[in-house]
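Written below as structure tokens is the structure these notes are about.
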Amino acid sequence: MEATATEEHLTSTTVTEVGRGNLVWLMQRVSAALLLFFLGAHFWVLHFAVAGEKLTFQGVAERLRTPLFVFIDLALVAVVVFHGLNGLLVVVTDFNLSRGARTVVVWLLWIVGVVTFLYGANALLPFMGYSPLFTR
Amino acid sequence: MYRVRHTDLWPSHYNLGMWVWLAQRISGIVLVLYLFTHIWVISFSIANRQGQEFNQVMALFQTPLFLSLDLLLLAGVLFHALNGIRVILFDLGIGIRQQKAIFWGVLVIVSAIFAWGVSLWWPFVQGKPLV
Ligand code: HEM
């Protein structure tokens, strides 16, 4: 037992020094908890429930007739993109950026995130019988 | 604000927890790269309401080569997700003093679920037709 180790070395978060009470740090945990459900559902439905199921447009369209699945897919895209990019922000923060540079990074990540979410949401439309709002 | 102490970051000073933290970070970054490729490739393949392009892309991604790559993805996601739970438990003040034991527990669970996934997909990796 290394019960004598200093508190700083006891958890990985304090090593990254993101800091307790920090919103970025908290949201990384909240999004992680949500992902357990949404990503778990995604893997289960697409890869485990029926092993070796051929994935087709028609099959996905069939599933998305249930509004709950539309909600799960939209929520998954939003939460996973947030968690990934917020995670990158944590990594970048460890490089001791100036305030200005950090602000630029935060804006860039938000733009990438919002655009990616819109692409993901747009891609659901054809499965639901609507034309996509934009292509490519 | 904080200062990173270089002695702490020098690899020869790493203890198990540091290596696990690094693995969590690297797996997270690799997953981000995969995620964006995944979302953009699928979105780009959906140009209309008929979905031929989507079906072509899916047929490619369900060939034995890509199915075996999926197994790598499964391993990475399982490690990152279950170790993530471990990190959150410590943040909640649970199990900090048993952190090494909990890490080995995480590895056992990751391996078990991974083995299950492999057993489900292996026939298709070897070329059995999809159902
Ligand atoms: C159920 C699934 C997941 C769970 C439970 C989870 C959990 C976590 C936790 C707790 C952290 C913080 C680690 C720390 O502060 O030491 C983290 C970091 C991170 N995660 Fe995830 N994660 C999941 C899925 C993903 C996915 C799919 C991606 C990719 C898009 C991802 C990307 C990242 C990144 C880039 C970081 C930052 C790494 C760092 O700070 O060192 N995670 N994850």
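The values are calculated or read from the model by the stated rules, or taken from the named source; none is laboratory data. It should be emphasised that the depicted structure is a prediction, and the values quoted were computed from it without experimental measurement. Neighbour counts are summed over all protein chains in view; Cβ atoms, including those assigned to glycine, are modelled from backbone coordinates with ideal geometry. The accessibility values were calculated without ligands, DNA or RNA, using every heavy atom of the protein model including side chains. Shrake-Rupley method; radii C 1.70, N 1.55, O 1.52, S 1.80 Å.
Criterion applied to A:101, A:121 was being more than 9 Å from every other protein chain (Cβ to nearest Cβ), closer than 24 Å to residue A:66 by Cβ and among the small types (Gly, Ala, Ser), and the one residue passing it is A:121. Reported count of residues in region A:37-75, each being closer than 28 Å to residue B:119 by Cα, open to solvent by less than 40 Å² (accessible area, probe 1.4 Å), in contact (Cβ under 8 Å) with a residue 40 or more places away in the chain and within 14 Å of the chain's Cα centre (by Cα), is 2. At pLDDT 95 or above and open to solvent by 40 Å² or more (accessible area, probe 1.4 Å): which single residue out of A:85, A:34 fits that description? Only one candidate qualifies: A:34. On the stretch given as region B:43-62, residues that are open to solvent by less than 40 Å² (accessible area, probe 1.4 Å), assigned to a helix (DSSP H, G or I) and closer than 20 Å to residue A:117 by Cα total 2.
Restricting attention to region A:20-31 and to residues that are aliphatic (A, V, I, L, M) and within 12 Å of chain B (Cβ to nearest Cβ), the residue that is most open to solvent (accessible area, probe 1.4 Å) turns out to be A:26.
Taken residue by residue, region A:35-58 has no member that is assigned to a helix (DSSP H, G or I), among the β-branched types (Val, Ile, Thr) and at the interface with chain B (Cβ under 10 Å from one of its Cβ atoms). Taking region A:115-135 as the range and being within 13 Å of residue B:41 (Cα to Cα), among the small types (Gly, Ala, Ser) and free of Cβ contacts under 8 Å to residues at least 40 places away in the same chain as the test, only A:123 passes.
The residue list B:62, B:56 contains one member that is touching a residue at least 40 places away in the same chain (Cβ under 8 Å), under 27 Å from residue A:62 (Cα atoms) and either in contact with a strand residue (DSSP E or B) (Cβ under 7 Å, 6 or more places away or on another chain) or among the polar types (S, T, N, Q) (or both), which is B:62. Of A:80, A:105, A:90, all but one fail to be without any contact (Cβ under 8 Å) to a residue 60 or more places away in the chain and either more than 25 Å from residue B:60 (Cα to Cα) or basic (Lys, Arg) (or both); the exception is A:105. Restricting B:72, B:78 to residues that are open to solvent by 40 Å² or more (accessible area, probe 1.4 Å), within 16 Å of the ligand (Cβ to nearest atom) and aliphatic (A, V, I, L, M) narrows the list to B:72.
Just one of the numbered conditions (1) at the interface with chain B (Cβ under 9 Å from one of its Cβ atoms); (2) surrounded by fewer than 16 Cβ atoms within 10 Å (Cβ to Cβ) is not true of residue A:126: (2).
In region B:83-120, the qualifying residues are those that are of a type in the set (Phe, Trp, Tyr) and away from the ligand (no atom under 16 Å from the Cβ), and the one that is nearest to residue A:36 (Cα to Cα) is B:116.
Scanning region A:91-105 for residues that are over 16 Å from residue B:32 (Cβ atoms) and assigned to a helix (DSSP H, G or I) gives A:99, A:100, A:101, A:102, A:103, A:104.
In this entry, residue B:7 is excluded by the filter for residues that are exposed (fewer than 11 other Cβ atoms within 10 Å of the Cβ), at pLDDT 95 or above and either closer than 25 Å to residue A:98 by Cβ or not hydrophobic (A, V, I, L, M, F, W, C) (or both).
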